[in-house]
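Take a look at the structure set out below.
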Amino acid sequence: MRQANLNAGGTLQGRLPWRHLALNIISPSILTFALFLGLIFAVIIPAMKNNIVERKREMIRELTQVAWSELSGLHEQEKRGALTRPAAQQAAIARVQQLRFGDDGKDYFWICDMRPRMVMHPYRPDLDGQDLSEYSDPAGNDLFVEAVRLVRKTGDGYIEYVWQWKDDAQRVGPKLSYVKGFAPWGWIVGTGVYLEDVRAEINLVIRRVLQISVLISIVIGALLGFITKQGLDLERQRWRAAAALSESEEKYRSLVEGATEGILLVMQGRPVYANKTLLNLLGYTEEELAALPLDRILEPVAGTGATPERRARLLAKDGEAVNVLLADAPVTLGERSGQILFMKDAATRRKTEDALARLLAELQSMLPLATRSIKASAITMTSCGLDTPAGSAAAMMSQARSSAIVVKAADGEPVGIVTDQDLRNRVLAAGAGADLPVSRIMSAPLVRIAGHALLFEGALAMQERNIRHLLVVDENGAATGILTAAEILHGQRHALAMLLSEIKGARLPEALKESQAKLPVFVKALLESGARTEHITRIMSTVSEAILVRLIGLAEAELGAPPVPYTFLVMGSAARDEQTLATDQDNAIVYADVEPERDDEVRGYFLKLGTKVCDWLDQAGYHKCQGLTMASNPRWCQPLSKWKEYLTSYVTVASPQDLRDVNIVFDFRCAWGEAGHGAQLRKHLRELLEGGQPAFFFHLAQSTLQFKPPIGFFGNIQLEQTGKHPAAFNIKSAIVPLVNFARIYALRGHLAETNTLERLRRLRDEGALLPSSHDELVQAHAALTQIRLAHQAAQWSGGVEPDNYIDLRKLTALERSILKKVFADITVFQARLQTDFARTA
């Protein structure tokens, strides 16, 4: 019946009202279009022409005033007696003769007197000193006589004439000049612009206006077509409704067929449709399934309607029972009612739930270690001299209840360690006497770790070196205590250590994608536990570096041993230990210099290595750098000598834009390979900067000052209105000035640190930064990073790829207030950069 009605109404009754459409829709659109074109050609273009000419006239008037001011200044010196008139006039001629302007730097000034006689012309020295009373241009204009007449009458004004084209004696062209008299010396100074340049600029503007007009015309034409089409569509709505219904049914069928869960449509107790997933699970064809009652394929389940998931059993064709999770929803087709059953394989679901539960349990167990620094732990240190007898050392250890004692040289520098194991193996088991000096049994050299490192990093260091004690040192390298395996014993079992161990043992690049995918869960748990942002970003950087190192190992296994020593550098946020969930690759390769005949072979190997590693990193979830700052790019895969050339050029000849593009190069760290290459580069950079290099710091400051905090006149946050993320602001761009601020002062102070917060701490400790300024910068960095990480974690939870674009509507009032305060602080610190560097070139 429904189909019959549809077909009966399928004929278009009557003719389309073309006259109505023409009078009410098409004609007004065409009239609007004509008025628009008339406005462009009759009003806008002539106004633009006049504006350009007036702007040029104003420009040469202002420029002539500049040259006139030079004469006035020297005349003042003449009046004070500092210069004689001839000396003052010669100085004026020399200064004005050197003045140039214009895009090519060839536009000039000239001077004549009131006779008229040429005083100075930079491109026509043959006229200098000549009487110009009879001089006329190719068009017959007595231009200099006219200039004298104009100055005598009004003091200044404009003249048009034909003159030599700048410094090209073979070419002439029409010119508009402004002249102004200098009464004390009876001189006239003038300059001008060539009318061909003015016409060229006018033609350029007209072309642009016409291009815009064409685009607008296209839009208007498209709008007219759209309106006409809408009118026609009203008459064809019934056909389109039928087509849309058919298309909707096809899309729904595709969606159902592509679902990973089984779907069964049951009408009046019998199956009428099943998707491919369910058919494959049961082993029936559609025809076979339609002939069966529901209880032959599904064990009866009490309850109907839209209820939560419950367990049921499917009976396959081969007699096997499959446990499923069942959910159902009522459906009505015409006058018939039925159910849609949704079925998931219970075994697969249980595996997923168990894996998630294990991961969450691991995360909860490791949170204290992942967020706790070593210096916050209970670490102590017992020490003795090199000549201390083993028995005395053992007594000191027993009294201090310590499992180890640090052995110091005469100058107090720690040189070794004696542990319980050393005493057992090297004294008791060896039958040595208790008077044996500890220098004979100590373990050396000592393995050191910074006090601000996290406990999980200590666990990792012990695991990699198969030791049980680490010497803890402060920022100045002074020993502060011993970290023992007992303190972090359960660190060997927590989730992060297991994740790093899993990465280290990966045999295929594909396995590392699964490891990287665990990071967002981990980050979200850390954020919810109140962990400090610097700890979270350091953990993410540690994981990414572990993945990088493993991929390098896999690539070397495929390509063979490297032909020469090399180092794989990480740069940018990875080198600063400041990675987030929205990060890309910034890396490079530095290899040892070789003979010219081996250069192609060695470069070829490392380019292959870099390409493999970067491709694998991309597959693992670390996107390729849009600026191609990667080891797969030949520019960033170079021998050590070339890298030194890079640094030299960046420091000595780079522009602000160059430094803006490559400033991440100044944050580099050796992730794998020959650490000496990185040390040599840092030494070379330090030597380059020891001379001060004011131009380098000026350009580096300028690249930082290009960022303008998005604060409006009334203190409101200004959002991006164009691009892929309108009505949002880029929080990464807001953090960059803080990073750049720390970098520029660290480079000036020759600091080796790359982490932004560590740089700020060193600057504070060395007096380059006030404690109050340090605290404000650290708080600003932490606040922005906290908002950034929380935003990215929320995106990940919602199934959206993390990015750096913040929607202000999703921030709390407190967070918006914090952002305004941070942006205000950034403006203050940029003002300090302006004072310290941007005016010192």
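Computed over the Cα atoms of segment 737-798, the ratio of the radius of gyration to the Kirkwood radius (Rg/Rh) comes to 1.11.
Our Cα-only numbers for segment 91-170 put the radius of gyration and Dmax at 12.9, 34 Å.
When the Cα positions of Q626, Q585, C637 are compared along the charge dipole of segment 551-654, Q626 comes out farthest toward the positive end, with charges on each C-beta of Lys, Arg, Asp and Glu.
Taking only the C-alpha atoms of segment 423-485, the Rg (one decimal) and the largest Cα-Cα distance, Dmax (whole number), read 14.4, 41 Å.
Applying the Karplus parametrisation 6.51 cos²θ - 1.76 cosθ + 1.60 with θ = phi - 60° to the phi angles of segment 125-137, what ³J(HN,Hα) value in whole Hz is obtained for each residue in order, glycine and proline being reported as x? Couplings: x, 5, 8, 4, x, 7, 6, 9, 4, 9, 7, 9, 7 Hz. Packing around the peptides 632-640, 146-154, taken as the average count of other Cβ atoms within 10 Å per residue, puts them in this order, highest first: 632-640, 146-154. Applying D = kT/(6 pi eta Rh) to segment 37-144, where Rh is the Kirkwood radius over alpha-carbon pairs, T corresponds to 37 °C and eta to 0.692 mPa s, the Stokes-Einstein value obtained is 197 µm²/s.
Provide the per residue accessible area, probe 1.4 Å, for segment 517-658, rounded to a whole number of square angstrom.
Numbers: 5240 Å² over 142 residues.
That works out to 37 Å² per residue.
Note on Y123: accessible area is roughly 50 Å² with a 1.4 Å probe, heavy atoms of protein only. For segment 440-533, the equivalent ellipsoid derived from the Cα gyration tensor has semi-axes of 28, 18, 11 Å, listed largest first. All alpha carbon pair distances within segment 407-452 were sorted into 10 Å bins beginning at 0; the resulting P(r) in whole percents reads 25, 47, 23, 5, 0.
Loop-located trypsin sites (Lys or Arg not before Pro) in segment 422-531 (DSSP state other than H, G, I, E, B) with a sparse environment of at most 11 neighbouring Cβ atoms within 10 Å: R507.
The values are calculated or read from the model by the stated rules, or taken from the named source; none is laboratory data. What you are looking at is a predicted structure, and each value in this text was computed from that prediction instead of being measured. For neighbour counting, all protein chains shown are included, and Cβ atoms are generated from backbone atoms with ideal geometry for every residue, glycine included. Accessible surface areas use protein heavy atoms only, side chains included; no ligands, DNA or RNA. Shrake-Rupley method; radii C 1.70, N 1.55, O 1.52, S 1.80 Å.
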